[in-house]
């Protein structure tokens with residue numbers, strides 16, 4: 001099944017994010033004016049209205065802030081139920097929606113420490129996903 | 001803001017009722033509903049000089065006006081988002097109280113079940129710069145692509161913060177179906193469910209069960225709004241608009257507040273409630289009946305909290321057993337059945353039902369329904385109304 005319909009629309013406001021994932025790097029917009037991180041990408045800083053922005057690397061570490069399990073029917077043939085989608089809160093304070101790797105849906109809990117991994121699902125698209133992270 | 005309170009009223013209601021497939025175009029359903037609303041008010045098409053429609057619908061002012069012989073509009077435009085219902089009434093009230101129009105119709109039609117729809121998705125490529133697509137491209141590659149899935153994400157967080165279990169939401173659906181079973185216009189007429197049936201309902205997107213989610217229907221609704229002064233000369237008991245509000249906050253989308261400051265709460269509903277109660281000059285405990293957004297059952301206890309009907313984390317317990325929220329209870333909700341028990345028209349049917357309660361003509365009529373609240377769009381751009389006698 002084609003995943004074309006599922007690919008994100010890449011444009012000059014968000015290209016930096018997807019270029020980062022191709023390099024296996026999780027980067028987010030950080031305002032050059034006031035230092036505020038933001039996601040999803042936008043052309044202007046909502047805190048200080050600056051247009052000056054950099055794509056800054058995230059630590060890739062965070063916790064599960066919320067999660068759901070799609071139990072079907074699958075909303076698109078590219079996905080096999082059941083599958084979980086997590087909302088991760090990263091150390092930088094921003095939240096990011098993603099899939100989980102190597103963890104069954106029933107093992108996920110709010111507060112679970114996670115870290116980023118990269119999944120090249122197509123030659124032109126690498127998705128950041130998350131796996132359970134050991135702490136200590 | 002308060003200066004507009006009690007200056008406008010809903011004076012006519014028209015509705016197609018709900019079906020899985022009426023076999024009609026949305027334009028025809030709109031025309032039938034508007035004619036019914038005009039008859040209800042005691043008006044004719046030539047009286048109408050304002051029209052507020054929804055941006056998701058293709059039938060426009062020209063098509064509707066031409067079909068109905070309404071050729072003299074001076075006030076018209078679109079509203080957006082599923083939570084627009086009460087905001088459309090607000091826009092109409094602004095039109096009549098400012099003198100820009102005398103009689104404004106507000107309308108929606110949505111053939112979601114049959115698919116006899118002349119406009120499909122808002123999510124076209126030309127919508128790139130709209131907020132939903134800011135988020136959309138970051139959700140869809142992971143299969144996070146249904147509205148139920150988006151709601152489930154905020155509901156899980158709410159459950160975590162408030163110590164609520166999934167089964168606690170069952171009484172919302174049960175009571176909505178109980179009310180809907182009494183309503184011949186709804187698709188669940190004569191079909192109540194038991195709490196046991198809810199508990200056996202399969203998970204669609206955990207933590208949401210199938211019976212937590214609305215089912216698609218075909219429906220149209222039209223309302224007529226005019227000034228309080230003109231309302232007193234028309235056929236029906238006016239449903240005075242004590243207050244109307246519309247709210248939006250950063251970091252949210254439709255049923256999708258993942259990036260805002262408090263995804264587990266309904267920030268927009270809370271702010272909307274504050275504006276509604278201030279403008280109307282009433283307190284939550286004075287409200288006799290509430291028509292809440294029940295597209296997804298857990299949104300009901302979340303709204304009860306956000307609107308101040310109960311404390312944080314107490315919404316599910318408030319609904320438990322159903323006695324407080326059914327007709328005759330402390331705060332009857334969704335007395336037509338709402339989205340879960342009547343049909344899904346993005347809260348337009350909730351506004352109609354609020355008017356019926358004010359008039360005393362509901363199929364699940366509450367005694368002394370002199371103050372009725374409507375809350376639309378929970379979990380995204382929201383709108384609300386307080387109607388009074």
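Placing a label point 7 Å from the Cα of residue B:20 along the Cα-to-Cβ direction, none of the residues of segment B:261-301 has a backbone N under 17 Å of that point. Counting Cβ atoms of other protein chains within 10 Å of each Cβ in A:61-68 and taking the mean gives 5. Could you compute the FRET efficiency for residue B:197 and residue B:165, with r as their C-beta to C-beta distance and R0 at 30 Å, rounded to 0.05? Step by step, r from the Cβ atoms, then E = 0.95. Take the Cα of residue A:80, step 7 Å toward its Cβ, do the same at residue A:11, and the gap between the two points is 3.6 nm.
Taking the number of Cβ atoms within 10 Å of each Cβ as an exposure proxy, the fewest-first ranking of B:106, B:352, B:187, B:249 is B:249, B:187, B:352, B:106. Rounded to the nearest angstrom and listed largest first, the equivalent-ellipsoid semi-axes of chain B from its Cα gyration tensor are 30, 23, 20. Axis of helix B:267-280 versus longest Cα principal axis of chain B: the two differ by about 40°, to the nearest ten degrees. The average projected area of segment A:28-118, computed from the convex hull of its Cα atoms over all directions, is 6.9 nm². Residues of segment B:253-285 with an amide N closer than 14 Å to a point placed 7 Å from the Cα of residue B:368 along the Cα-to-Cβ direction: B:285. Counting only alpha carbon atoms, the long axis of helix B:170-180 and the longest principal axis of chain B meet at about 30°. By other beta-carbon atoms within 10 Å, ranking B:373, A:87, B:304, A:51 with the fewest at the front produces A:51, A:87, B:304, B:373. Tell me the angle of helix B:348-359 to the major Cα principal axis of chain B, expressed in degrees between 0 and 90 and rounded to the nearest ten. That helix lies at roughly 70 degrees to the long axis.
Peptide B:146-155 is shielded by partner chain Cβ atoms: per residue, an average of 4 of them sit within 10 Å of its Cβ. Of the residues B:280, B:58, B:364, the one that moves most in a GNM of chain B with alpha-carbon contacts below 10 Å is B:58.
Peptides B:153-159, B:334-340, B:265-271, B:35-41, ordered by how many other C-beta atoms sit within 10 Å of their residues on average, highest first, read B:334-340, B:153-159, B:265-271, B:35-41. Residue separation of residue B:46 and residue B:1 scaled by 0.36 nm, minus their Cα-Cα distance, works out to 13.1 nm of gained length.
Structure remark: mean-square fluctuation, Gaussian network model of chain B, C-alpha springs under 10 Å; the largest value among B:375, B:347, B:114 belongs to B:114. Take each residue in B:93-106, count the other chain C-beta atoms within 10 Å of its C-beta, and the mean is 0. Above 37 Å, the calculated P(r) of the protein assembly as shown contains 31 percent of its Cα-Cα pairs.
The value of relative contact order for chain A, using C-alpha pairs under 8 Å at least six residues apart, is 21 percent. Taking every C-alpha pair closer than 8 Å and separated by at least 6 residues, the mean separation divided by the residue count of chain B gives a relative contact order of 25 percent.
No value in this document is a laboratory result; all are computed from the given coordinates. What you are looking at is a predicted structure, and each value in this text was computed from that prediction instead of being measured. Virtual Cβ from ideal backbone geometry, glycine too; neighbours counted across all protein chains shown.
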